[in-house]
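The values are calculated or read from the model by the stated rules, or taken from the named source; none is laboratory data. Keep in mind that this is a model prediction, so the values were computed, not measured. Please note: Cβ atoms are built from the backbone with ideal geometry, for glycine as well, and neighbour counts cover all protein chains shown. For accessibility, only protein heavy atoms count, side chains too; no ligands or nucleic acids. Shrake-Rupley method; radii C 1.70, N 1.55, O 1.52, S 1.80 Å.
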Amino acid sequence: MQLFYNPEISEETQELTFNKEESRHIVRVLRKKEGDILHITNGNGFLFSVEIVFANDKKCVSKVIDSQEIKNNRDYYLHVAIAPTKNIDRFEWFLEKATEIGIDEITPLLCKNSERKIIKHERLSKIVLSAMKQSLQYKLPKLNELTNFNDFINSDLEGQLFVAHCEDDIQKIGLKQLVKLQFKYTILIGPEGDFSNEEIEKSKEAGFAPISLGHTRLRTETAGVTSVQNISFLHQ
């Protein structure tokens, strides 16, 4: 099944007109015609089936024939706040894989040791969207704007809070030993130069528990994916 995305479609929608770019893709690339069925999500957990009634590569029109709310097969909420890598390709890889595995919210963090201080939010949002469609999920993860570390840890956060870092002098506990199942989690992942000692202390003061993601030192994007996978594995 190929999944399309349209944030405007809802249970009240009866007819849907695709924009010029989508119409061209549907009619010329996919060679869809009148009577063919397409599947669309609005990113809010709904799946819609629409029938093409006018197949034109500049204006493709469809009618909604079915809609259903797809329950989230994950019984937890995962928010990862992670510093973007200097090589943006590696951060994009994290976004793609985290979305495929299952994540609800991502906040790019600006830390003291961050080597990347600017991101292109629109481009990163497209990567998250593409990964959602490719993995046939119906809930689009929330991608926040680049946020200062201090602002983030002092914001209103709920659930269990964890910080993963590489500092050997600070006691850390394995993630699986601390996780309460079917809960809400926020995990901090630092930049390639790791969190500063001051940031680690501030996170602890804000209620974040220091955690270990294994016995080896991981790249930022690997630590991010590992944390997402660990949470997913613990709920299987």
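Some observations on this one:
- Filter result (modelled with pLDDT of 95 or more and closer than 30 Å to L157 by Cβ) within region 46-80: F46, Y76, Y77, L78, H79, V80
- Applying the criterion of being in a loop (DSSP other than H, G, I, E, B) and touching a residue at least 12 places away in the same chain (Cβ under 8 Å) to the residues of region 214-226, the residue that is most open to solvent (accessible area, probe 1.4 Å) is R217.
- Here D151, D156 are screened, and the one residue that is part of a loop (DSSP other than H, G, I, E, B) and open to solvent by 60 Å² or more (accessible area, probe 1.4 Å) is D156.
- In this structure, Y77 does satisfy being touching a residue at least 40 places away in the same chain (Cβ under 8 Å), within 30 Å of Q160 (Cβ to Cβ) and among the hydroxyl-bearing types (S, T, Y).
- I200 touching an Asp or Glu at 6+ places or on another chain (Cβ under 7 Å) and among the aliphatic types (A, V, I, L, M): yes
- Count of region 35-45 residues, restricted to those that are surrounded by 14 or more Cβ atoms within 10 Å (Cβ to Cβ) and closer than 16 Å to K142 by Cα, is 4.
- I187 vs. criteria touching a residue at least 40 places away in the same chain (Cβ under 8 Å) and open to solvent by less than 10 Å² (accessible area, probe 1.4 Å): yes
- The strands (runs of 3 or more DSSP E) falling completely within region 47-141 that include 3 or more residues that are among the aliphatic types (A, V, I, L, M) and crowded, with 17+ Cβ neighbours inside 10 Å map to 77-82, 105-110.
- Top-ranked residue in region 191-211 [being outside any helix (DSSP H, G or I) and touching a strand residue (DSSP E or B) at 6+ places or on another chain (Cβ under 9 Å); ranked as surrounded by the most Cβ atoms within 10 Å (Cβ to Cβ)]: F195
- Verdict on N56 being of a type outside the set (F, W, Y) and either in contact with a strand residue (DSSP E or B) (Cβ under 6 Å, 6 or more places away or on another chain) or closer than 30 Å to Q236 by Cα (or both): no
- Taking the listed residues Q177, Q229, Q182, the one that is part of a loop (DSSP other than H, G, I, E, B) and out of contact with any Cys (no Cβ under 9 Å at 6 or more places or on another chain) is Q182, with no other qualifying.
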